[in-house]
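The block underneath contains the structure these notes are about, expressed in structure tokens.
None of the figures in this text is laboratory data; all of them are computed from the coordinates on show. In this text, all values refer to a predicted model and were calculated from it rather than measured experimentally. Cβ placement follows ideal geometry from the backbone for every residue including glycine, while neighbour counts extend to all protein chains displayed.
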Amino acid sequence: MKKINLLVVGLFVSGALSAQNINKLIHETNVTRLIRTLSADSLGGRSSLLPGGIDKAAAFIEAEFLKIGLDPPPGATSFRQEFPKERIRRTGTTVTVDGEVIPAENLIVVSNQEKVDWNNNASVREITKEKNFMRLAFGMMEDSTDKLVLVDASHEPLFRRAQGYYNRIRLLDGPPKTGSVVFVLGKTAATSYQVQIAQERERFMMTNLVGMLPGKSPARRKELVVFSGHYDHIGILGQVSGDSIANGADDDASGTTAVIELARYFKKLKSNSRTLVFAAFTAEEIGGYGSRHFSQQLNPDSVVAMFNIEMIGKVSKFGKDAAFITGYERSDFGKILQKNLKGTAFTFHPDPYPDQNLFYRSDNATLARLGVPAHTISTDQIDIDKFYHTVDDELETLDISNITRTIQAIALSARGIVAGRETPTRIDKTKVR
């Protein structure tokens with residue numbers, strides 16, 4: 001009986017000390033350092049399809065994991081979890097309409113073909129002034145026929161936005177589409193046209209960063225708790241006031257920072273009964289390929305919970321000291337977290353944006369579909385966030401205090417799950433899509 005009482009007292013004291021020291025172990029200075037590095041111009045917006053910036057970000061995260069003292073996954077010799085993909089890069093474009101050479105800034109090319117050579121032999125479509133550019137453009141890109149699409153000049157703002165996305169190097173995934181689409185801005189008629197496009201395919205490696213803290217309890221060591229965020233962003237966009245780098249400070253340098261800081265925090269506590277996995281995913285922005293590969297490397301039945309952290313850089317709809325959890329109603333994950341925050345000012349809420357389908361739009365989705373209580377924690381007001389996926393998502397737009405308090409709240413709210421005292425209910429696989 002004495003042993004049991006001492007254990008209870010020990011757990012209570014450990015929890016009290018954990019809460020007491022949180023401000024010392026997770027503080028704004030380090031949070032700022034991490035986000036500033038991950039969102040720097042020198043990383044070029046961290047596109048997962050372009051070499052350079054994404055590689056620098058991976059090397060930085062790897063160095064942080066090493067400095068903290070994490071272990072690589074079992075059987076691995078490093079934190080790098082690599083997997084091959086294929087991309088296609090445009091090497092030449094010439095488009096002439098009625099004898100006029102169209103400048104590159106007025107073109108969007110969407111094609112998986114290495115060579116496109118049209119001489120009045122593709123269909124010509126129009127997106128006129130009164131039409132919905134985005135809806136029609138998306139539909140045309142899904143069509144398998146070759147098309148030259150003339151876009152009225154009134155659609156220039158949306159054309160520029162789409163151009164920054166579709167004119168980039170593209171990932172080839174699944175069977176290649178046979179059709180190519182070339183959008184031309186500012187032309188309303190085409191009596192004759194010629195299109196020559198040259199592209200090259202290349203194999204390359206994508207990289208997740210995965211580190212672990214083995215569980216202290218032999219009985220709980222095989223049970224995994226995952227903390228994750230994605231470190232890629234959307235790269236280079238069309239210039240806005242001389243700036244073309246989409247730095248992704250909130251999306252998702254803030255979440256990646258949280259993962260690193262949580263790893264540092266739990267490493268210092270040395271009290272995790274369950275094994276903790278810290279993952280920085282690549283390619284979330286282009287289809288979640290990093291988290292998909294990660295999910296294939298483990299048994300989902302061994303994952304007790306997943307804390308996916310996405311965009312915590314601004315005050316939430318619920319005010320300061322508050323965040324929301326996607327899929328809140330699908331397990332008791334959120335209730336457990338809130339219970340562990342009793343006595344603090346911080347609160348977790350159900351996702352207030354159900355129409356945005358956020359539960360399936362982040363890296364928690366793959367494991368959630370496999371029954372894992374995998375949820376995303378965020379503070380972003382996605383319906384009114386004017387910096388989302390723009391060149392203005394920079395460090396200066398963030399509330400560092402809000403980020404720090406959110407990371408601290410996640411650390412405290414996870415205590416029962418990390419210690420093996422609490423286990424969230426599984427997500428019903430029959431009710432996910």
Revision key, fill the gap. Under a Gaussian network model of the chain whose springs join Cα atoms within less than 10 Å, the largest fluctuation of 241, 48, 180 belongs to 241
Check your understanding: Tell me, what is the percent relative contact order of the chain, built from C-alpha pairs under 8 Å that lie six or more residues apart?
Key -> 19
Study note, to complete from the structure: Karplus ³J(HN,Hα) for the stretch 188-201 (6.51 cos²θ - 1.76 cosθ + 1.60, θ = phi - 60°; Hz, whole; x = Gly/Pro) runs 10, 8, 8, 6, 9, 7, 9, 9, 10, 10, 10, 9, 10, 8
Review point. Using the Cβ atoms and a cut-off under 9 Å, what net charge is assigned to the surroundings of residue 155, where Lys and Arg are +1 and Asp and Glu are -1?
Key: 0
Practice item. Return a whole-number percent for the relative contact order of the stretch 86-202, with Cα pairs under 8 Å and 6 or more residues apart as the contact set. Key: 53
Review point. Can you work out the FRET efficiency for the pair residue 347 and residue 196, with r the C-beta to C-beta distance and R0 = 51 Å, to the nearest 0.05?
Key: 0.30
Review point. Residue 147: which lysines have alpha carbons under 27 Å from its alpha carbon, excluding same-chain residues fewer than 8 sequence positions away?
Key: 115, 129, 131, 177, 187
**Study point:** Straight-distance crosslink candidates among aspartates and glutamates, where the alpha carbon sits under 14 Å from residue 431 and sequence neighbours closer than 8 are dropped
**Key:** 329
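GluC sites (Glu not before Pro) within the stretch 21-122: which are DSSP loop residues with at most 16 other Cβ atoms inside 10 Å? The partial results should precede the final answer.
Numbers: sites: 28, 62, 64, 82, 86, 100, 105, 114; in loops: 114.
Qualifying residues, ordered by number: 114.
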Point to revise | Charge dipole (the stretch 86-202, unit charges on Cβ, about Cα centre) - positive-most of 193, 128, 97 | key: 128
Practice item. Could you tell me which of 25, 208, 169 has its Cα farthest along the dipole of the chain towards the positive end, charges placed at Cβ (Lys, Arg +1; Asp, Glu -1), taken about the Cα centre? Key: 25
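Mean Kyte-Doolittle of at least 0.0 and a Cα length of 24 Å or more along the axis: which whole DSSP H helices of the chain meet both?
On the way: long enough: 2-25 (33 Å, 0.79).
Answer set is 2-25.
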Exercise for review: Rank 372, 195, 418 by mean-square fluctuation in a GNM of the chain with C-alpha springs under 10 angstrom and give only the top-ranked residue.
Suggested key: 195
Review point. Most mobile of 190, 58, 322 per a Gaussian network model of the chain (Cα springs, under 10 Å)?
Key: 190
Exercise for review: Could you tally the net charge around residue 27, taking each other residue with its Cβ under 13 Å from the Cβ of residue 27, Lys/Arg +1 and Asp/Glu -1?
Suggested key: +3
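Provide the net charge surrounding residue 76, with neighbours chosen by a C-beta distance below 13 Å and charges set as Lys +1, Arg +1, Asp -1, Glu -1.
On the way: positive: 80; negative: 62, 71, 82.
My count for the surroundings of residue 76 gives -2.
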Check your understanding: Leaving out same-chain residues fewer than 8 places away, which lysines sit with a Cα under 30 Å from that of residue 267?
Key -> 2, 3, 24, 56, 67, 216, 222, 314, 320, 335, 339, 342
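If you place +1 on the Cβ of every Lys and Arg and -1 on the Cβ of every Asp and Glu, how big does the dipole about the Cα centre of the chain come out, in debye to the nearest 20? Please report the intermediate quantities before stating the final value.
Details: 54 positive and 50 negative charges, 475 e Å.
In debye, rounded to 20, the chain gives about 2280.
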Check your understanding: Whose amide H sits under 5 Å from the amide H of residue 193, counting only residues 5 or more places off or on another chain, with H placed in the peptide plane?
Key -> 98, 120
Check your understanding: Taking the alpha-carbon centroid of each part, what is the distance from the stretch 183-207 to the stretch 297-330 in angstrom?
Key -> 39
Point to revise | Inter-label distance for residue 177 and residue 89, nm, one decimal - labels placed 7 Å from Cα along Cα-to-Cβ | key: 2.2
